[in-house]
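Let me begin by presenting the structure, written as structure tokens, before commenting on it.
The values are calculated or read from the model by the stated rules, or taken from the named source; none is laboratory data. Because the structure is a prediction, the values reported are computed rather than measured. In this analysis, Cβ positions are derived from the backbone assuming ideal geometry, glycine residues included, and neighbour counts consider all displayed protein chains. Calculation scope for accessible area: heavy atoms of the full protein, side chains included, ligands and nucleic acids excluded. Shrake-Rupley method; radii C 1.70, N 1.55, O 1.52, S 1.80 Å.
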Amino acid sequence: MKTARLAALIACALPFAAFAQPPKPAEEVILYSGATIIDGTGAAPRGNQDMLVRGDRIVALAPHGGLPAADVAGAKQVDLAGRYVIPGLIDSHVHMATPPNAVQAKAMLRRNLYGGVTAVRDMADDLRSVGELAREARMAEIPAPDIYYAAIMAGRPFFADPRVAAASQGVTPGTAPWMQAIDDRTDLKEAITLARGTSASAIKVYADLTPRQVKAVTAAAHRQHMLVWAHSSVFPTRPADVIAAGPDAISHVCYLAYQREPVMLAAYEDRTPVHENLLAPGDDDPVMADLFRAMLKQGTILDATGALFVKYEAKRKADPKAKPLRCTGDLTTRLTRQAWKMGVPISTGTDFVGEVEDQWPAVHEELLFLARNVGMPPVEVIRSATLVGAQAAGQGNEMGSIEPGKLANFVVLKGDPVADIANIQTIETVVKRGKAYARNAYVPVTKDEMGDDE
């Protein structure tokens, strides 16, 4: 009887085993030759280089003609003489599903990919939707960057925010595994485990948590090998206490200025701007310097989101009735410059969506902000937009630089981005995981896709 049952089970299992293990297709080998490579590490450009790609990986780099003949035999040849190659860009602060709108999200992702963005860091949304977008992007079912995303943890007052209801429909606000309300009674081990079940890469520590709670959530997440991405002020937790808790990355350089406030805002919901007169003029405020030294000691990455504040400041000048953000564009620029001069690693996050008519993704504006407003040399801007962004997403070993063994994520440019960072908009081809996307095949986003009725 046991033998018969075993035979029946094996017979039933065979079709599924065969389905689960399809034969692997032969990996395409491509030799990209003669390009100037800017590898994302901050190193000087290397001219007339060859790059060998097998499947989705870079396998070798060498001066033109320097790769062994046996390695390149039979490879497809792509001549990149006169072209410039940089790693795929990474936008380290996007929102794709608050509320979920798959048509809009796919349009935004398409614009990102064809604009050179091969990975994004989604800073908390409805992860039911984001998870499916991430799967489709990973399998190249849609033209999109890879997506790494966070589950939110915040204090209970935050969960009255209408954005929470929009991103957790069908679930009581604060109880969704991807958006959890935290207080002193919360079983943090269980809460982190629930968040891990969403396939999130990180916990986002967001708002309305005390210093002790921020520290406890961070420690609990790290114990379960999850990254921690935090606002630089969590309210009522000051920036110094956020940094001391040990997050892997913090967002919004502007919020660091709250360290200067004599009385810290009691809640995230209080939108009182920072009192900029409390900071030293220029870009060498001593209190900010203490914060940046602490970040350097901890290895904390700064997701500055500077272009957002500069962009909004310009709108406010055109419309004085517009409500101010927490910082002016000038202060945001000064703080970012001070962080950069002190050596803090800065990623390129946006936290805004471009207009329907924009042909390029929003992250290009962050690159221009770092180069033109802050004064970073283009090679360092490229490093921020690639390797530092990859590290912020926990993917520094897989992407972010052009090196053997890493994913074949790169952008082919007609113009030299080191001569002028604006040449990021001379894209000819974007390659993500070895698959090429020609810029001339880009289909611009439409008003219908973006839900623009005007």
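Mind telling me which of the residues Leu296, Leu302 ends up being buried (at least 20 other Cβ atoms within 10 Å of the Cβ) and at pLDDT 95 or above?
On the way: Leu296 fails: buried (at least 20 other Cβ atoms within 10 Å of the Cβ).
Result of the check over Leu296, Leu302: Leu302.
Only one of (1) crowded, with 16+ Cβ neighbours inside 10 Å; (2) touching a helix residue (DSSP H, G or I) at 6+ places or on another chain (Cβ under 9 Å); (3) not polar (S, T, N, Q) is not met by Ala219, so which one is it?
Only one criterion is unmet by Ala219, namely (1).
Can you confirm whether the stretch 185-196 contains a residue that is part of a strand (DSSP E or B), of a type outside the set (S, T, N, Q), touching a Phe, Trp or Tyr at 6+ places or on another chain (Cβ under 9 Å) and at pLDDT 95 or above? Quick ask: steps written out before the conclusion?
Restricting attention to the stretch 185-196, the residues satisfying the condition of being part of a strand (DSSP E or B) are none.
No, the stretch 185-196 has no match at all.
Hey, does the stretch 8-28 have a residue that's modelled with pLDDT of 70 or more and closer than 27 Å to His364 by Cα?
In the first step, residues of the stretch 8-28 are kept if they are modelled with pLDDT of 70 or more; the result is 25-28.
Of the ones still in play, those that are also closer than 27 Å to His364 by Cα are none.
No, the conditions are met nowhere in the stretch 8-28.
If a residue has to be touching a Gly at 6+ places or on another chain (Cβ under 8 Å) and on the phi > 0 side of the Ramachandran plot to count, how many in the stretch 299-340 make the cut?
1
Check the stretch 237-259 and report whether any residue there is within 18 Å of Phe159 (Cα to Cα), surrounded by 23 or more Cβ atoms within 10 Å (Cβ to Cβ) and not small (Gly, Ala, Ser). Show your work before the answer.
As a first pass, look at the stretch 237-259 and keep what is within 18 Å of Phe159 (Cα to Cα): 237.
Filter again for surrounded by 23 or more Cβ atoms within 10 Å (Cβ to Cβ), leaving 237.
Within this subset, residues satisfying the condition of being not small (Gly, Ala, Ser) are 237.
Looking through the stretch 237-259, at least one residue is within 18 Å of Phe159 (Cα to Cα), surrounded by 23 or more Cβ atoms within 10 Å (Cβ to Cβ) and not small (Gly, Ala, Ser).
So which of Gly42, Gly47 is at pLDDT 95 or above, assigned to a strand (DSSP E or B) and under 32 Å from the mean Cα position of the chain (by Cα)?
Criteria check complete, one pass: Gly47.
Provide a single number: the residues in the stretch 424-454 that are outside any strand (DSSP E or B) and surrounded by fewer than 17 Cβ atoms within 10 Å (Cβ to Cβ). First the steps, then the outcome.
Just the residues of the stretch 424-454 that are outside any strand (DSSP E or B), to begin with: 424-426, 433-434, 439-454.
Then keep just the ones that are surrounded by fewer than 17 Cβ atoms within 10 Å (Cβ to Cβ); that gives 440-441, 443-444, 446-448, 451-454.
Adding up the residues that qualify gives 11.
For the stretch 383-406, give me each residue that is in a helix (DSSP H, G or I) and either basic (Lys, Arg) or in contact with a Leu (Cβ under 8 Å, 6 or more places away or on another chain) (or both). Talk me through it step by step, then tell me what you get.
Here is the first cut: in the stretch 383-406, the ones in a helix (DSSP H, G or I) are 383-392.
Once the filter is applied, which keeps residues that are in a helix (DSSP H, G or I) and either basic (Lys, Arg) or in contact with a Leu (Cβ under 8 Å, 6 or more places away or on another chain) (or both), the stretch 383-406 yields Arg383, Ser384, Ala385, Thr386, Gly389.
Filter the stretch 79-117 for residues that are in a helix (DSSP H, G or I) and either without any contact (Cβ under 8 Å) to a residue 24 or more places away in the chain or under 21 Å from Gln425 (Cβ atoms) (or both) and give the result.
Of the stretch 79-117, the ones in a helix (DSSP H, G or I) are 102-114.
Once the filter is applied, which keeps residues that are in a helix (DSSP H, G or I) and either without any contact (Cβ under 8 Å) to a residue 24 or more places away in the chain or under 21 Å from Gln425 (Cβ atoms) (or both), the stretch 79-117 yields Ala107, Met108, Leu109, Arg110, Arg111, Asn112, Leu113, Tyr114.
Looking only at the stretch 336-373, count how many residues are more than 20 Å from the chain's Cα centre (by Cα) and assigned to a helix (DSSP H, G or I).
5
Can you report the number of residues in the stretch 97-110 which are open to solvent by less than 10 Å² (accessible area, probe 1.4 Å), over 13 Å from Gly451 (Cβ atoms) and at pLDDT 95 or above?
Summing the residues that are open to solvent by less than 10 Å² (accessible area, probe 1.4 Å), over 13 Å from Gly451 (Cβ atoms) and at pLDDT 95 or above in the stretch 97-110 gives 1.
Which residue, of Asp285, Asp270, Asp241, is over 23 Å from the mean Cα position of the chain (by Cα) and closer than 16 Å to Val344 by Cα? Break it down into steps so the answer makes sense when it comes.
Working: Asp270 fails: closer than 16 Å to Val344 by Cα; Asp241 fails: closer than 16 Å to Val344 by Cα.
Residue meeting the stated conditions: Asp285.
Since Arg383 meets every condition but one in (1) in contact with a Ser or Thr (Cβ under 7 Å, 6 or more places away or on another chain); (2) open to solvent by less than 10 Å² (accessible area, probe 1.4 Å); (3) farther than 13 Å from Thr118 by Cβ, which condition does it not meet?
(2)
How many residues does the stretch 324-350 contain that are open to solvent by 50 Å² or more (accessible area, probe 1.4 Å) and within 30 Å of Gly451 (Cα to Cα)? Walk me through it before giving the result.
Within the stretch 324-350, the first condition is being open to solvent by 50 Å² or more (accessible area, probe 1.4 Å), and the residues that meet it are 324-325, 330, 337, 340-342.
Among the residues that remain, those that are also within 30 Å of Gly451 (Cα to Cα) are: 324-325.
Summing the residues that are open to solvent by 50 Å² or more (accessible area, probe 1.4 Å) and within 30 Å of Gly451 (Cα to Cα) in the stretch 324-350 gives 2.
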